[in-house]
Every structure is written in C-alpha cells, then in structure tokens.
Amino acid sequence: MQHLGNRTWSASLLAWFLNTVWRMDEPAVDNAICDGPNDRGVDALVVDDDLREITIFQCKYHERADRAEGNSGLERLVGAVANFESPEAVDALLAAGPNPELQRLIRRNDVRTKVADGAHVAQAIFITNGVFDANARAYAQGMAAGGITLGLWDAPRLAALAERTRRPDLRAETVRLACASTPILISLDPTVDIALALVPASELIQLPGIDDRTLFARNVRLGIGGTRVNRELVDAVREPQEHAFFPA
C-alpha cells in the first residue's frame with residue numbers, strides 16, 4: 001500500500017476532497033477519516049448536528065488515472081449505509097469489530113444516540129481518480145430512484161474542480177432566475193446598479209456550481225460554517241411555520 005507522508009494515496013485524495021470540496025478545516029479532516037483495513041466500507045464519516053445528517057465517504061485510488069471504476073465499490077458503499085439505519089444497526093457495527101479509527105469516530109460523534117434521535121445517512125460519496133463507467137452511473141441512478149443518494153466524484157470531475165480551486169474565478173454561465181417578487185432597483189452610483197428580489201429556493205438549487213461549491217469560490221467566508229447565524233438559519237429551515245419569514 002503506497003503512502004504519501006503518513007497517509008495512503010487513497011486517504012490523501014480523500015483528505016484533499018474533504019478540505020477542498022466539503023470545506024472542512026484540516027483538524028476536522030483528520031478526525032473524520034478512518035480509512036484502513038476493516039473499515040466496513042466507511043473511509044470517512046461526517047455528522048452534521050444541525051441538519052441531523054450523516055455523510056459517509058469511500059475513496060479508491062488507482063495507479064493509473066484512466067482506470068475504469070465499476071459498480072462494485074458503489075455496492076459496498078451502499079451496504080455501509082445500512083450500518084446507520086437504526087441504533088441497533090450501529091450496535092451491530094461496533095460489535096463486529098471494525099478498525100479502531102472507525103470505532104473511535106462513531107463513539108466520539110455519539111452516532112448511536114444521534115441516529116436514535118433521527119439522524120440519518122443523507123448521502124454516500126464515492127471519490128476516485130479513476131473514471132466511472134456506464135455500469136457505475138446506471139447503478140447510481142437506480143439507487144437514487146430507490147431513495148439513496150450517491151455522490152460520484154471521478155477524475156474528470158475532480159480535475160475540473162482542482163483547476164478552478166487553483167485560481168478561483170467567476171462562473172462563465174449567464175443564468176435567468178424567476179423572482180417571487182418584483183425586483184427593487186437601486187442605483188449606487190452612475191456606473192453601479194443593483195437589484196433586490198426574492199428568489200425561490202427551487203430556482204437557487206438549479207444554479208451551476210451549487211453541487212461542487214464553485215459558485216461560492218470567491219466568498220471569503222466560505223469556510224465559516226458553524227456560526228450562530230448559520231445555526232439559526234438551519235433552525236428556520238427546519239420549522240415550516242418560519243418559512244414565510246425566512247427572507248427577513
């Protein structure tokens with residue numbers, strides 16, 4: 001097994017992904033990774049306490065970046081999702097004796113209690129420097145139809161992201177948004193005008209750059225996640241009666 005510093009190449013690729021795409025700081029990245037023998041299909045695990053969501057990651061590094069990645073790894077990842085479907089499933093996972101890093105990760109995040117309180121695996125992410133073949137993509141589509149969201153990140157997608165993060169730039173697309181209110185036009189000076197309007201979330205989630213975070217590449221606060229304001233925004237989203245007041 002080849003290593004880069006004190007990490008395997010697979011763990012190094014996973015750490016880069018968690019830091020660059022998932023916007024985790026380096027100490028959090030180290031605490032999330034449990035890649036190694038007997039990891040039960042979980043190379044990293046992240047718990048979002050605000051959203052009560054669990055994300056599990058699996059990473060596969062190939063010596064040749066043009067290697068085809070089939071659906072076998074995805075099947076193993078989907079199998080790992082079952083370990084977090086109930087408190088009893090978490091108990092069974094720990095009783096099976098996974099590697100010490102995964103055991104510590106589960107206990108440190110109090111995963112059993114959070115699953116009992118409603119936390120669930122929101123998505124499972126597979127990262128590879130290979131290229132997903134047609135079987136892998138068809139399998140992911142089938143799982144999506146069954147309610148399991150698989151995030152697929154292979155060499156072409158990672159390479160495009162790496163190029164953009166090397167020198168963050170504005171997205172090239174021009175997008176037309178349907179507003180939920182009449183825009184308010186404000187002239188700041190003879191050369192600068194701005195428009196303020198309410199835009200439905202259903203419009204915003206379709207914006208290019210949402211899924212790979214490149215839409216926010218120039219946001220200097222992009223890495224600031226666990227603030228009081230952000231937690232209060234999450235609380236507002238989770239309470240339907242607050243939705244009408246969300247713009248305020």
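Exactly one condition in (1) modelled with pLDDT of 90 or more; (2) of a type in the set (A, V, I, L, M); (3) exposed (fewer than 15 other Cβ atoms within 10 Å of the Cβ) is not met by A44; state its number.
All conditions pass for A44, except number (3).
Looking at (1) over 17 Å from A32 (Cα atoms); (2) touching a helix residue (DSSP H, G or I) at 6+ places or on another chain (Cβ under 8 Å), can you tell me which one Q103 breaks?
(1)
Assess whether R52 counts as being surrounded by 15 or more Cβ atoms within 10 Å (Cβ to Cβ), at positive phi and either at pLDDT below 90 or of a type in the set (D, E) (or both).
Considered against the rule, which asks whether it is surrounded by 15 or more Cβ atoms within 10 Å (Cβ to Cβ), at positive phi and either at pLDDT below 90 or of a type in the set (D, E) (or both), R52 comes out as yes.
What strands (runs of 3 or more DSSP E) completely inside region 137-221 contain at least 2 residues that are farther than 30 Å from G70 by Cα?
Here the list reads 184-189, 192-196.
Looking at N83, is it in a loop (DSSP other than H, G, I, E, B) and of a type in the set (S, T, N, Q)?
no
Are any of the residues in region 70-90 surrounded by 14 or more Cβ atoms within 10 Å (Cβ to Cβ), of a type outside the set (K, R), in contact with an Asp or Glu (Cβ under 6 Å, 6 or more places away or on another chain) and at negative phi?
Yes - at least one qualifying residue is present in region 70-90.
The values are calculated or read from the model by the stated rules, or taken from the named source; none is laboratory data. Since we're looking at a predicted model, the values are computed, not measured. Please note: Cβ atoms are built from the backbone with ideal geometry, for glycine as well, and neighbour counts cover all protein chains shown.
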